[in-house]
1. What nm distances, shortest first, do you get from the label point of D:GLN149 to those in the other copies when the point sits 7 angstrom along Cα to Cβ?
2. Label points 7 Å out from Cα along the Cβ direction at F:ALA5 and A:THR23: separation in nm?
3. Give the cross-link partners of D:LYS31 among the lysines, using a straight C-alpha distance below 30 Å as the criterion and excluding same-chain residues fewer than 8 apart.
4. Would you list the P(r) distribution for the stretch B:1-59, with all Cα-Cα distances sorted into 10 Å bins from 0 and each bin expressed as a whole %?
5. Which listed residue (C:PRO12, C:GLN85, C:MET53) has the Cα farthest towards the positive end of the charge dipole for the stretch C:1-123, taking +1 on Lys and Arg C-beta and -1 on Asp and Glu C-beta about the Cα centre?
6. Could you tell me the total accessible area buried at the E-D interface, probe 1.4 Å, in square angstrom to the nearest hundred?
7. Between chain F and chain C, with a rotation axis joining them, whose C-beta in F is nearest that axis, and what is the whole-Å distance?
8. Calculate, for the stretch A:16-172, the solvent-accessible area per residue in square angstrom, rolling a 1.4 angstrom probe over the heavy atoms of the protein chains.
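The values are calculated or read from the model by the stated rules, or taken from the named source; none is laboratory data. Being a predicted model, the structure only gives us computed values, none of them experimental. Positions of Cβ are generated from backbone atoms using ideal geometry, with glycine treated the same way; all protein chains shown enter the neighbour counts. Note: accessible area is taken over every heavy atom of the protein model, side chains too, but ligands, DNA and RNA are not part of it. Shrake-Rupley method; radii C 1.70, N 1.55, O 1.52, S 1.80 Å.
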6 protein chains.
Amino acid sequence: MTDAAISRFPVPALDDLPEDIRTRILAVQEKSGFVPNVFLALAHRPEEFRAFMAYHDALMEKEGGLSKAEREMIVVATSADNGCQYCVIAHGAILRIRARHPLLADQIAVNHRKADITPRQKAMLDFALKVSRDSRAVGEADFEALRAQGFDDEDIWDISAVTAFFGLSNRMANVTSMRPNDEFYTLGRG
Amino acid sequence: MTDAAISRFPVPALDDLPEDIRTRILAVQEKSGFVPNVFLALAHRPEEFRAFMAYHDALMEKEGGLSKAEREMIVVATSADNGCQYCVIAHGAILRIRARHPLLADQIAVNHRKADITPRQKAMLDFALKVSRDSRAVGEADFEALRAQGFDDEDIWDISAVTAFFGLSNRMANVTSMRPNDEFYTLGRG
Amino acid sequence: MTDAAISRFPVPALDDLPEDIRTRILAVQEKSGFVPNVFLALAHRPEEFRAFMAYHDALMEKEGGLSKAEREMIVVATSADNGCQYCVIAHGAILRIRARHPLLADQIAVNHRKADITPRQKAMLDFALKVSRDSRAVGEADFEALRAQGFDDEDIWDISAVTAFFGLSNRMANVTSMRPNDEFYTLGRG
Amino acid sequence: MTDAAISRFPVPALDDLPEDIRTRILAVQEKSGFVPNVFLALAHRPEEFRAFMAYHDALMEKEGGLSKAEREMIVVATSADNGCQYCVIAHGAILRIRARHPLLADQIAVNHRKADITPRQKAMLDFALKVSRDSRAVGEADFEALRAQGFDDEDIWDISAVTAFFGLSNRMANVTSMRPNDEFYTLGRG
Amino acid sequence: MTDAAISRFPVPALDDLPEDIRTRILAVQEKSGFVPNVFLALAHRPEEFRAFMAYHDALMEKEGGLSKAEREMIVVATSADNGCQYCVIAHGAILRIRARHPLLADQIAVNHRKADITPRQKAMLDFALKVSRDSRAVGEADFEALRAQGFDDEDIWDISAVTAFFGLSNRMANVTSMRPNDEFYTLGRG
Amino acid sequence: MTDAAISRFPVPALDDLPEDIRTRILAVQEKSGFVPNVFLALAHRPEEFRAFMAYHDALMEKEGGLSKAEREMIVVATSADNGCQYCVIAHGAILRIRARHPLLADQIAVNHRKADITPRQKAMLDFALKVSRDSRAVGEADFEALRAQGFDDEDIWDISAVTAFFGLSNRMANVTSMRPNDEFYTLGRG
């Protein structure tokens, strides 16, 4: 499996990348022990890579009403609904680690309604899936349902933006046939 | 997690079950090291349990043009499409074991088009998903596509019957909120 | 019409069938005056035939909170939604007979909301159609709606199981192009 | 059953209707032996009634490349897809009579792909269903498929217009809960 | 652009048309300054033309609980949902003029939920879209929602009939590739 | 209309914004004569604003195989499909200007198949809509269809990325109820 292509598009060699991108990739490699394929696949377009990573960090690294594990739940649920193998498998691993729960990612990927999560988290994922599938129909009643679970307007923006950003990511991963690293499948299952 | 309910419906104690059902359950426990929850959940209705297991064995234990791993691929792909947590997680484990491939089940559950399987297997899963979602539209052109991949008519019956039987299973698991045993999540990942 | 094929797959001659299957078929012929084609088409696979019939009888011949006519309503409504000609036409006939109502089957096949049935029966069919189409989304609110109409948990299992079993049957009938006997079209219309 | 309401909206008495409408209704009663409920339900709005009937006659009574039975096939197939009880049951009867074939209507209502009709008629119904469900996507390839079966452009207009007109009729029948006369269920089954 | 075909089907010359149709077309030309292409495209079939126009006038020119602008809102919303270029662009112009509001038509065509209209008008369009897409499911709850906004039963008939009639029109315009006149794009934007 | 809220979320005053964002907004105001509301609505989150604009510019301002008008066609077609009022109306204006064609935007928003564009552009929009709706199913056959129209792999990335990025934008605009400036409705119609 290690020889399988990680993208339908050309994948740059690390040495050919602009300095800032190579530095970021080496940092993630240092931290994770491997380079997640999304970094290499998207580096084919350096300008877009930079914007993608800046957007990602603005949404996923910030403080706020949603825990980091909850943000990963949104990624897993909406990416599964979009049929995005890379995001379900890579962010499934991150969710297992951040939630310290080895079962959650697989449960949410198949059917969040039956996952070991709170009613508040189910409402969060119901809303995320509506934003993903049918954002035109989002309205005040959806906001009320979230407020009833204790979410405020900034949380609602966060849920929406994480969904919308990974919707972008899902579409790029599907078109490029981005392949998840083998490492992700077993991370956090221990 | 071990205390979570495995079904919305009453789950019989082993000792209260008819002899033939208890014997079967003890045999699977002996072989697997645990009792898959589907046995306990469905034993609520002994007559239906017996028919279910007889049907299962007729389709999944027989010889034929489809390998046992291929039959499990069908289960995983169609159960994911039906949002059935029990079947994706339990049969994902069986698929990993039967195919001796730790990645296949997760790949197929999210998007079989990008899984490490052959074009023949992709055609098999395309057909299974059509039978699952829109069997009214199945016709000669679908059969031709399968024959072009080397499947004969008995194989086509097998693909259809496995899909149809697990469609039944998916619906019962979803209505009963059947919970996969924790053991399944890690089986075959080694 | 009498010469039309009843299945895309080989149909065994009665004399070539195992004794138990031939006996069952002769019994139904004795009772009905003809052999419903489903018996002949499925007899192509004796093991599956036996499991299918055992499952069928466990669900359709038992006592319980649903009348036999109500179980046939479920078959007709969900089979029509699945585009299964055999089941709509054959079980439409059985429904007319069991309900002693010549119009119900055609009404339910097109739109159960406008059929001459009770609000309780409409709720039953609403639920059956949800189990058939989108069982992943079935949840507590659906159960509440059924309980409000007087259904208990065993009834809910019955509605679900009849739907799930005939979903299997619909898919096999569609793949095999199983043809309803001409006799069914007029039975019970008198 | 004879006391059931035939429309959610007021149904005028024959004597209260404008002369031209009463005359038309008496003529159809003379010919058929009963007054099809569509006449009474739509007579609530005389201007719309007149336009509806003029449109109907322009499409269904004219000569042309489609036989009258074929036009009724279109009505039955598209009305079933729209869940219109009145049109499926009333025009099912007319189809049985015009085609002198007691099985066709029920077959087409459930799944035209498996009906006892010609490949040309299946292509006609495939196109009609596309016009009914997704007319925005109709294009040159659909026209080619029809021409390959011997349909010319005027036939294509006819198929489309019959579909479009009964789409109107289906929506009005569904909103008004228009009830088919009991007589229709058995007509032409002999 | 003025040379682009206005229909896939033959378009009659004014002089070749029956007197009553030519007179109607000249009258609309006199009033509007141009002949809307729908008149020429549909005149290919004089009988259907007459019924179409009679139906149109019965619904759109009558008095009643819906203002003329509101009827045009229904046309724009449902025609956009059906992907009908002619009706969205031509009736968008008429809506701008009748509502004396230059933004409404574009807003409603994309998403009526965010248009500058009243809650009553949003409920009207919600219902119209349900009649257009899924009339089989229309029922008492929909009527209640409309009554809560002050609509009476005759208004409900009007909303339904306008939707149903333009559903017919949308399908014919899509099949004929009816082209909107260039003039419509800018009318009423001033 | 000028008083209508432009977002459900707080909209910052220009003077409260970080210098780089204020500068960018003043530059666009200088160039366009007004501040498009998307700048103000998204400035509520400065980090996300910067990433959004960097991504936008990387995709929309670059050179490449797609003309700037073609990129706007993608935005209009996919945003209409997502029901995003802001993007259809604002980018409709930009498309009219960049294509120097006053009709294209309205045509594409309703049904790109009938717009005054080339077969190559129709294939581009067919693909963009598939990426938007069902990216999981994108595969080699889609790429072949684009190559047959002269698109190369970098163009395919561009079409996909523009679609994916505006899918993000559509979801944020729908959740925030972002309102298009009145100016956009008439720009480029002259």
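1. 2.8, 2.8, 3.8, 4.0, 4.8
2. Taking the two extended label points, one gets 4.2 nm.
3. C:LYS114, D:LYS62, D:LYS68
4. P(r) over the stretch B:1-59, rounded to whole percents: 22, 57, 21, 1.
5. Sorting the options by dipole projection puts first C:GLN85.
6. The contact between D and E buries close to 3900 Å².
7. Residue with the nearest Cβ, plus whole-Å distance, for chain F: F:ARG136, 9.
8. Value for the stretch A:16-172: 34 Å² per residue.
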